[in-house]
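First up is the structure itself, then whatever we jot down about it.
What follows is calculated from the coordinates using simple rules that are stated; it is not laboratory data. Bear in mind the structure is a predicted one, so any value in this text is a computation, not a measurement. So basically every Cβ, Gly included, is an ideal-geometry build from the backbone, and we count neighbours across all protein chains shown.
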Amino acid sequence: MTATPEEKTKILLAEDDESLGLLLKDFLTAKGFEVQLCNNGKKAFDAFSKGTFNLCVLDIMMPEKDGFTVAKEIRILNKHIPIIFLTAKSMKEDIIEGFNKGADDYITKPFNTEELLLRIHAVMRRVKPAGDDKEEFQIGLYHFNYKSLALEFKGKHEKLTTKEAELLKLLCIHSNNVLDRNFALKAIWQNDSYFNSRSMDVYITKLRKYLKEDPNVQIINIHGKGFKLYIEKE
């Protein structure tokens, strides 16, 4: 979701160097941003999948997941959110790879914090509201409000649990395309264990029940891959 003018710009900052991470967080906070700092790539993606951010600043060389991997996974959830890579690498090939992985900008260490600030402002000026990063969805005859956890059908309201809403949002983002099973498990449950996999199947069954009133809407099992929210176009 894009922040309104009165809201602070929220930044996801992923940096495994503790001193640098805290320095950047304090600096950006002092400049009026709201910053969530993560010290590895897995924590960064988990934070992104649960939160609402306007910009990502990702170190490339991180434990658990590198910045390129995190950026690729973030782009699945949100195609438009701006990403700035931080790295000690300065070779031409690395810069090219960074932009191929979805970077809006790329800054090499060491750098001046004021330079980072200028680049953040420049990127944010270029960004348009993200059409795919939304909180309300039309699912056939149903209206789904992710923020309020509400699913409406012909004036009737169903209050969803947080996990039901998170799973339905992922299905909506990937509507008429396959939502990878393991990706959904890691995004919502943080791991793809057998127990969590069975739990997700229960939630899929619940969502099918909620959506059964519209025959043009189905959640289809794609064997060996995941699920597809199929919405027949009239």
For the chain, which span is the longest to avoid every loop-located (per DSSP) member of trypsin sites (Lys or Arg not before Pro) having at most 13 other Cβ atoms inside 10 Å?
-> 9-78
Phi-based couplings in Hz for the stretch 217-231 (Karplus 6.51, -1.76, 1.60; Gly and Pro marked x) = 10, 9, 9, 9, 6, 10, 4, x, 10, x, 9, 10, 7, 9, 10
Exposure-ranked with fewest Cβ neighbours within 10 Å first, ILE84, ILE96 stand as ILE96, ILE84
Structure-based [θ]222 nm, the chain - -39500 (n - 2.57) summed over DSSP H runs of at least 4, per residue, nearest 500 = -12500 deg cm²/dmol
Run the numbers on the chain and let me know its relative contact order in percent, using alpha-carbon pairs under 8 Å that are six or more apart.
-> 14
Angle between the Cα long axis of helix 194-210 and the longest principal axis of the chain, 0 to 90 degrees, nearest 10?
-> 50
